[in-house]
Structures are given as structure tokens and as C-alpha cells.
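What follows is one structure encoded as C-alpha cells, with my remarks underneath.
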Amino acid sequence: MTPAKQLRFWLIGLGLFVLALWLLSNMLLPFVVGLAIAYLLDPTVDRLERLGLPRWLATSLVLLGFLLVLVVMVLLLVPLVQGQTTHLLQVLPNYVAVVKERALPALDRLVHRLPPADVERLRAAAGNYAGDVAGWIANVITGILSRGLALFDVLSVMFITPIVAFYLLRDWDLMIEKVDGWLPRHHAETVREQADAVNVTLSGFVRGQASVCLVLGAFYAVGLTVAGLDFGLVIGLLSGLLSFIPYVGSLFGFVVSTGLALLQFDDLWRVAVVVGIFLFGQAVEGNVLTPKLVGDKVGLHAVWVMFALLAGGSLFGFLGVLLAVPVAAVIGVLTRFALRQYLSSGYYRGEEPER
């Protein structure tokens, strides 16, 4: 088979795969989540298997432990989050009154200093941009919800995902061996090398970034709560969760926490404490957590990760968000491989191809 025919074959296969993913996106969520859990827990199961445990027993113990930790975390956090949400509804009118009292007079003074023509242009531009941004955000969120959790019963996800995760985790090595047997023999070694590179990139980023999110979420939640900030627990946890997208979590937490601190506290030193918590957390993340837990060799740039998550959410909803990082890792590895092939070819050196 000529290289052109091989390329056409694989492109057709890729197109059919993407088409099937798009057509079945509304029902794939529990299977993708189960696959992600199996992928994350497989190294732990392998360690227990090397210690002499049967694969099925190691899978059962690890999965049960994972689910137990998840349930305990939910049982501990739900009452706290619910309490802070109730408190938010109670104090929200006070915050609105403070904003009117402090911000509106300053804004009025600023507006009165500008020429009327400039004021009208600013109002028109602000209205247009605000409408565009709000519409874009609403479309993304609506797409994520409508194509993800909103169209799939949460209870079915809760029941199907553990079953899928168990069977995939139990048969993980067998599936890898079976897929390896399907590889085209002439290119099998090259495909294995690229698959290993994808695995290193993906595992290094996902497991490392998840650890960073847990540490930052716990630090921000405890720090803001101790500082006395209202809703510090919820803001801290959301900041840690959003830290999976580089810089987004810290920026979100910093802006929201500082704004709430300015509304809540009259003493500037207490506002400075809140700001210091995020500055310290960002310094620790950049200099300690990310270098140690993620490393600088995973090959996933922050901008590429953000683009992948937004694109996945826009195209496939919540399912696309889950698949965004794996797809980004695959594209990154294949792009680097193609670049190496190009740099070592006669096309780069300007040589005539051999006939």
C-alpha cells in the first residue's frame, strides 16, 4: 500500500471516529468518565498486582477506596457549601447597597468629568461588548449543560460509571495488549513510541495538575476562611478546581476574593491579608507545586490547554471538556513527531526527494 493510500485510510478512519463521537456525545459521558477513572487508577492497581494480589481484587479495593473518599468528601463539603450559599442569599442585599454607596458616586464623578460625546460612546461600546461577552459565555455554558449533564440523568451516571470503571480497570492490560496486536506491523514500533509519549504527557499533566488543584483548593479554602472572608470556603474550592486551567483559578479567586474583601472589610489590612493569600499561593504554585508535581517536560502549554478546553466545551459540551486534555496531548505529541520528521527530511534541507 502506497503512503498516499495509507494516509487516506487513516484520515477516513479519523473522520468516522469524530462523526461517531459527535452523534453519540449525549450518551457517552459515563463511559468517558469511567475510562478516565480507570486510566488514573491503573498505576495503583498495577502496584498491588505486583505485590501478589489478583487483578480483580486489586481493582475492587482501589475502586472502592476511591469511591469511599469521594463520598466522604461530598458528605463533608455539601453541608458547608449549602450553608455558605444560604448566607450569600441573606447578605446579598447588603453587598448591593455597599456597591451603590461606594462605587456609584465615584463612577458618577468620573462620568461628569468626560465630554458628553465620549460618555455616549463609552456607554454604547460597553453595552455592545457586555452583550457580546454575556452571550458568548451563555452559549458556552448552555452548550456544556445541554449536551452533558442536563441531557443525561445524573443517577444513571452515578450507577453506570463505577461499573464501566471496574471492568475497564480490571481488563486494562488485556485491552492494551489487544490494541497493540491490531497495529500495522510495519509502523508498530513508531506507533508504540508515540503512544508512550502521549501517556507520559497525559499522565504527567493530569495527575500532576490534579494534585496541584487539591493542594491549592485546600490552601485557599482554609486561608480565606481563617481570614474571615465570607464564602471563603466556596471561593477557595472553586479556585482550586479552576486551577486545572492554568492561571484561571488563581485569577478568578483573586478577583472575587479581593472584591468581596473590599465590600466586607473596612480595614485595609484585612483586604491585604486576602490579597497576600493569593499572592503566596501563586508563588508556591509557580515555584514549588507545578515544577515538582507537573514538571516542565509534559509539553502542554497553558494557552494550548485553555484553547482545548474552550473548544471542547463549545463543540461537544461537558463531554468535550473531559476529552479536551487527552486530545490536546495527542495532537501535541503528533505535531512534535511530524516536526521532527520534517526537520530530518529533504524538504527542510532543500534536497531533491529520491525517486
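Above 17 Å, the calculated P(r) of the stretch 249-305 contains 50 percent of its Cα-Cα pairs. For the stretch 35-86, the Kirkwood estimate of the hydrodynamic radius, built from every pair of different alpha carbons, is 12.6 Å.
Each 10 Å bin from zero holds the following percent of Cα-Cα pairs in the stretch 189-255: 23, 37, 19, 13, 6, 1. The HN-Hα couplings worked out from phi for the stretch 20-34 by the Karplus form 6.51 cos²θ - 1.76 cosθ + 1.60 (θ = phi - 60°) are 5, 4, 5, 5, 9, 4, 6, 10, 8, 3, x, 6, 5, 5, x Hz, whole numbers, x standing for Gly and Pro.
For the stretch 288-342, a Kirkwood radius taken over Cα pairs fed into Stokes-Einstein (25 °C, viscosity 0.890 mPa s) yields D = 202 µm²/s. Of the solvent-accessible surface of the stretch 158-208, computed with a 1.4 Å probe over protein heavy atoms with every protein chain present, carbon and sulfur atoms account for 68 percent. Surface composition of the stretch 1-94: carbon and sulfur atoms hold 80% of the protein heavy-atom accessible area at a 1.4 Å probe. Hydrodynamic estimate: the Kirkwood radius of the stretch 210-336 over Cα pairs, inserted into Stokes-Einstein at 4 °C and 1.567 mPa s, corresponds to D of 83 µm²/s. Placing dummy labels 7 Å off each Cα toward the beta-carbon, the span from ALA218 to SER60 is 3.0 nm.
A cut-off under 12 angstrom between Cβ atoms defines the neighbours of VAL212, and their net charge, with Lys, Arg +1 and Asp, Glu -1, is +1. The Cα-based radius of gyration of the stretch 217-260, divided by its Kirkwood radius, gives an Rg/Rh of 0.94.
The values are calculated or read from the model by the stated rules, or taken from the named source; none is laboratory data. Everything quoted here is computed from the prediction, not taken from an experiment. So basically every Cβ, Gly included, is an ideal-geometry build from the backbone, and we count neighbours across all protein chains shown. Accessible surface areas use protein heavy atoms only, side chains included; no ligands, DNA or RNA. Shrake-Rupley method; radii C 1.70, N 1.55, O 1.52, S 1.80 Å.
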